[in-house]
Amino acid sequence: MTRLVILVDFKVKPGDHDTFRRLITANAAASLKHEPGCRQFDVAVPEGDTIGHFILYEIYDDDAAFAAHLRADHYLKFDAAVTPMVLEKKVSRLRLAEA
């Protein structure tokens with residue numbers, strides 16, 4: 001099976017930008033450190049965009065690795081903390097086009 005790519009597009013309340021940035025970068029680092037099936041977890045902000053827009057690019061070995069991510073303590077704490085900050089959240093699931 002090919003690796004699973006998760007794209008998450010967040011728009012957060014303007015006053016929560018700095019707190020969200022701190023929490024999402026900590027979640028990304030914890031995912032890479034503690035989840036063997038998490039291969040990449042990048043946090044990006046669109047060039048020239050307004051404050052409060054974050055895009056995540058995550059790569060997991062498979063669906064089971066992503067499911068484990070969603071059950072991880074660090075993710076559950078992150079999700080509970082940021083839910084009130086989020087104005088919009090769009091999640092896309094893709095597969096790497098491997099040869």
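Count of segment 15-56 residues, restricted to those that are closer than 21 Å to residue 84 by Cβ and small (Gly, Ala, Ser), is 5.
Filtered by the rule that a residue be surrounded by fewer than 11 Cβ atoms within 10 Å (Cβ to Cβ) and farther than 18 Å from residue 19 by Cα, segment 47-69 gives 47, 48.
Any read-out appearing in this document is the output of simple, stated calculations on the displayed coordinates, not a laboratory observation. All values derive from a computational prediction rather than experimental measurement. Glycine gets a Cβ as well: all are built from the backbone with ideal geometry, and neighbour counts include every protein chain shown.
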